[in-house]
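Report on the following structure.
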Amino acid sequence: MMSEQPWDRLCRWYQQSHRNLPWRNTSDPYAIWVSEIMLQQTQVKTVIPYYERFLLSFPTIKALADADIDSVRSHWSGLGYYSRASHLHRGARYLVERCDGQFPRDLKTCLKIPGIGPYTAGAILSIAFDQAVPIVDGNVQRVFSRYFAFHPPSQAARAKSFFWDKATQWVSKSQPPRILNQALMELGATLCTRHNPDCDRCPLRVGCQACKRGLQNHLPIKTNRPSTQKLWWLSSVFCTKDSVFLRQNDRSGWWQGLWDFPHEEASSQIALEKAIQSVHSRIANAYCLELPAIRHTVTRYSLQVRPVLCVVRNKTSVRLEGAWHKRRDAETLPLSSLAKKILVMIE
């Protein structure tokens, strides 16, 4: 009698134990696409409310394609990695213009859609259409690295080739493919976690070479991550009795296209203090008040932000690129998460 294969044990475990998440209750490729883009670099509990609000406002590919980009960014505000929203919007327009608003069912065409790479394409094609297309993300890498006791750093070219080969083998042998791919991701997210994996409950414990050798807390081996870099910012919060001054970020870098308070970077804490002291002399006829400092993290950067509230009598005294907005209207703009924090402070 043939022994049960690891992918069969994994699929059975998933069907019995998986979390009930909103994107798992649909086979709509658009909804799955939105969830996969939102889940990149973002925790599930953070994504759920954004996902539900996003689909309420943009329920179809055409609805998203027809939407104004500022409206899309507004729904993304606070979720981070804002280029994802732009890619999603461009992808929807691509599908409307090139694919009659329908999601393609072949990998080659999927990879032409802006913002979609091999992982996202594989997730959509397998989950929505039950195609045997492999996926490899951080969770899948961790599962395979431990199961096969694979030692090269997970970011090395050899490792990536190994993981994709294994993912292709498993999904081609498993039925149905949509379950296998979701099971691999679920296992890495819930049991085969980065720290303290729960090997006692793992469906792949039998056959797992890392568990057998006591290596589960040492694999996968990763290359050294870049250290956190500290930045010092002076944020100038210009306002009148009923308006605030904001500027829109450009289409590259952090907070793409989102509105923000003007800021300038200092080279050190001492330089930042000097910049704060000079604010009074730079702004004529303004009452300036230093607000509490804010710590804000963006990817590997730790921002030390010092907001200075500048109440001006004449709007023309602010000679910067940007625009004045009524305070009640500012809250409806697609704001950066930092701007939201500052807006709450001045209110």
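The values are calculated or read from the model by the stated rules, or taken from the named source; none is laboratory data. From a predicted model like this one, the values you see are computed outputs, not experimental measurements. Note: ideal-geometry Cβ built from the backbone for every residue, glycine included; neighbour counts use all protein chains shown. Side chains included, ligands, DNA and RNA excluded: accessible areas come from the protein's heavy atoms. Shrake-Rupley method; radii C 1.70, N 1.55, O 1.52, S 1.80 Å.
Some observations on this one:
- Gained length - S172 relative to S57, 0.36 nm times residue gap less alpha-carbon distance: 37.7 nm
- Loop sites in the range 233-322: GluC sites (Glu not before Pro), DSSP, at most 13 other Cβ within 10 Å: E321
- Under the simplified labelling scheme, the V344-T26 pair shows an inter-label distance of 2.9 nm, with each label point 7 Å from Cα along Cα→Cβ.
- Assigned charges on the beta-carbon of Lys, Arg, Asp, Glu; the chain dipole about Cα centre (debye): 720
- Computed extension length for T228-S268: 12.9 nm, one decimal, from 0.36 nm per residue of separation with the Cα-Cα distance subtracted.
- For the chain: relative contact order, % (alpha-carbon pairs under 8 angstrom, 6 or more apart): 17
- Dipole magnitude (debye, nearest 20) for the range 36-183, charges at Cβ of Lys, Arg, Asp, Glu: 460
- Carbon-plus-sulfur accessible fraction, the range 103-178 (probe radius 1.4 Å, protein heavy atoms only): 53%.
- Mean ellipticity per residue at 222 nm, deg cm²/dmol - from DSSP H runs of n ≥ 4 across the chain, formula -39500 (n - 2.57): -13500 deg cm²/dmol
- Accessible carbon and sulfur surface of the range 179-297 relative to its total accessible area, %, 1.4 Å: 49
- Contour excess over end-to-end distance, with Cα ends at R328 and T297 and 0.36 nm allotted per residue: 8.5 nm
- Heavy-atom accessible surface of the range 3-91: percent carbon and sulfur, 1.4 Å: 48
- The phi-based Karplus calculation (6.51 cos²θ - 1.76 cosθ + 1.60; θ = phi - 60°) puts the 3J(HN,Hα) values of the range 310-325 at 10, 8, 9, 8, 10, 4, 5, 6, 8, 9, 10, 6, x, 8, 8, 9 Hz, whole numbers, x for Gly and Pro.
- Using only alpha-carbon positions in the chain, the gyration tensor eigenvalues give semi-axes of 46, 25, 15 Å once each is multiplied by 5 and square-rooted (largest first).
- When the Cα positions of L303, Q40, L215 are compared along the charge dipole of the chain, L215 comes out farthest toward the positive end, with charges on each C-beta of Lys, Arg, Asp and Glu.
- Where trypsin sites (Lys or Arg not before Pro) fall in DSSP loop in the range 87-157, at most 16 other Cβ within 10 Å: R105, K112
- Looking at the range 281-347, the trypsin sites (Lys or Arg not before Pro) that sit in a DSSP loop and have at most 10 other Cβ atoms within 10 Å of their own Cβ are R300, R319.
- Residue-normalised accessible area of the range 1-156, expressed per residue, 1.4 Å probe, Å²: 45
- For the range 208-347, the solvent-accessible area works out to 58 Å² per residue, with a probe of 1.4 Å and every protein chain left in place.
- Of the whole protein surface, S145 contributes about 0 Å² of accessible area at a 1.4 Å probe radius.
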